[in-house]
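Data block below; observations after.
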Amino acid sequence: MNITRRKLLTGAGAGALALSMGRAFAQKAEFKYKYANNLPVTHPMNLRAKEMADAIRAETKGRVDIQIFPNNQLGSDTDMLSQLRSGGIEFFTLSGLILSTLVPAASINGIGFAFADYDQVWKAMDGDLGAYVRAQIAKANLVAMDKIWDNGFRQITTSTKPILTPADLKGMKLRVPPSPLWTSMFEALGAAPVSINFAEVYSALQTKVVEGQENPLAIISTAKLYEVQKYCSLTNHMWDGFWFLANGRAWERLPADLRAIVSKHVNAAGVKERVDVAELNATLQKDLAAKGLVFNQTKADSFRGQLRKAGFYAQWKAKYGDEAWAILERSTGKLA
């Protein structure tokens, strides 16, 4: 699949893609599974997922038909996680930071200002840290595929003023996902975080329920958050990824040969999506600036220093435990 920037940024062909995602394919499929996610149909995740589902259908000769439901069609993140656990849906991609409401260790990759760059991220998530988190996810009767998909480094946008230092966040109503780590971090930075599901973010910003939010540039673009925000501060304050999760019982129903085919194509699509997101982020600042978003750079040291001063790192080291924290610091260097 040739994924062009034009397709990603303008949504060209999105209507046809949405139709193909919702179509019920071969009637003879032995395993007709639902895959749900919270991202717009034009995001690289959904473009690569379509490619993945087609490849799985072809290699299994129609035995496995994965139907894709993007853009919160089946509910909010918390709704879909409940459906995944009950078997209402078979596959779901979810940020580890939100999954942490069920599997506490899953949020460890989101520790504030932990990773300096993607080299550190993939060393950790394709290595010991990713393996540790997948083992914890398995205890919740969910299966996490080997390759975590990329959501990107997160940036702060606001409608009122640019964020240059932690002092600029003092008292600011900032939307964060429903996850204790996000709330804890922004409280430590002096903000007033408000947990809101992603499906409601645009309207919350539009109606000024909150002043700002934080997300990777790809989501700021594809969800058109630039329409209701003025400033974007390049903080890189968290790296966030999507675990491709399967309901444990549904996964075990697949014969071993089909599981091998599905996991192969899911992981391959995840690696391609990582490249897509990196390439998209490399050009998005210019595109978003042309749409009126005002950018500024920040220095991680001042934010990291505030988190240390507020006891954020010590608090989360105690929550994750010495073993998990030591695995994290093998990739990031000393944090606490």
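Could you tell me whether any residue of the stretch 207-230 is in the same structural domain as ALA131 (by TED's automatic domain parsing) and of a type in the set (Ser, Thr, Tyr)?
No, because not a single residue in the stretch 207-230 is in the same structural domain as ALA131 (by TED's automatic domain parsing) and of a type in the set (Ser, Thr, Tyr).
Name the helices (runs of 4 or more DSSP H) wholly inside the stretch 161-224 in which the number of residues that are at pLDDT below 95 and under 14 Å from the mean Cα position of the chain (by Cα) is 3 or more.
Filter on the stretch 161-224 gives 217-222.
Could you count how many residues in the stretch 67-89 are without any contact (Cβ under 8 Å) to a residue 60 or more places away in the chain and either assigned by TED's automatic domain parsing to the domain that holds ALA218 or of a type in the set (A, V, I, L, M) (or both)?
Number of matching residues: 4.
Search the stretch 306-328 for residues that are over 24 Å from ASP168 (Cα atoms) and pair each with any residue that is surrounded by fewer than 19 Cβ atoms within 10 Å (Cβ to Cβ) and among the acidic types (Asp, Glu) when their beta-carbon atoms are under 8 Å apart and the residues are at least 6 apart or on different chains.
If the second residue must be surrounded by fewer than 19 Cβ atoms within 10 Å (Cβ to Cβ) and among the acidic types (Asp, Glu), the pairs left are ILE327/ASP128.
Output the residue which, of all residues in the stretch 247-272 that are without any contact (Cβ under 8 Å) to a residue 40 or more places away in the chain and farther than 11 Å from ILE56 by Cα, is surrounded by the fewest Cβ atoms within 10 Å (Cβ to Cβ).
Step by step, filter the stretch 247-272, then rank; the result is ALA256.
Every residue, every condition in (1) in contact with a strand residue (DSSP E or B) (Cβ under 8 Å, 6 or more places away or on another chain); (2) within 20 Å of THR157 (Cβ to Cβ), yes or no:
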{"position": "PHE242", "(1), (2)": "yes, no"}
{"position": "LEU245", "(1), (2)": "yes, no"}
{"position": "LEU254", "(1), (2)": "yes, no"}
{"position": "GLY270", "(1), (2)": "yes, no"}
{"position": "LYS286", "(1), (2)": "no, yes"}
{"position": "ALA289", "(1), (2)": "yes, yes"}
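Checking LYS286 against (1) in a helix (DSSP H, G or I); (2) farther than 29 Å from ASP146 by Cβ; (3) at pLDDT 95 or above: exactly one of these is not met. Which one?
So LYS286 meets the others, but not (3).
Determine, yes or no, whether THR298 is of a type in the set (Val, Ile, Thr) and either closer than 20 Å to GLY112 by Cβ or buried (at least 19 other Cβ atoms within 10 Å of the Cβ) (or both).
yes
Return the pairs, sorted by first residue and then second, in which the second residue is part of a loop (DSSP other than H, G, I, E, B) and among the acidic types (Asp, Glu), the first residue lies in the stretch 129-151 and is farther than 10 Å from PHE242 by Cα and in contact (Cβ under 8 Å) with a residue 12 or more places away in the chain, the beta carbons are less than 9 Å apart, and the residues are 6+ apart or on different chains.
Pairs found: GLY130/ASP146; ARG134/ASP146; ASP146/ASP126.
Could you tell me whether LEU307 is aliphatic (A, V, I, L, M), outside any helix (DSSP H, G or I) and surrounded by 15 or more Cβ atoms within 10 Å (Cβ to Cβ)?
Judged against the criteria, LEU307 is not a match.
Go over the candidates ALA49, ALA114, ALA53 one by one and state the one that is crowded, with 18+ Cβ neighbours inside 10 Å, farther than 23 Å from LEU254 by Cα and of a type outside the set (Phe, Trp, Tyr).
Answer to the check: ALA114.
Mind checking whether some residue in the stretch 281-290 is hydrophobic (A, V, I, L, M, F, W, C) and either touching a residue at least 60 places away in the same chain (Cβ under 8 Å) or surrounded by 21 or more Cβ atoms within 10 Å (Cβ to Cβ) (or both)?
Checked against the condition, which is being hydrophobic (A, V, I, L, M, F, W, C) and either touching a residue at least 60 places away in the same chain (Cβ under 8 Å) or surrounded by 21 or more Cβ atoms within 10 Å (Cβ to Cβ) (or both), the stretch 281-290 yields at least one hit.
Filter the stretch 69-91 down to the residues that are buried (at least 23 other Cβ atoms within 10 Å of the Cβ) and either in contact with a Lys or Arg (Cβ under 9 Å, 6 or more places away or on another chain) or modelled with pLDDT under 95 (or both) and list them by number.
ASP77, ILE89, GLU90, PHE91
The values are calculated or read from the model by the stated rules, or taken from the named source; none is laboratory data. Bear in mind that the values here come from a model prediction, so they are computed numbers and not experimental data. In this analysis, Cβ positions are derived from the backbone assuming ideal geometry, glycine residues included, and neighbour counts consider all displayed protein chains.
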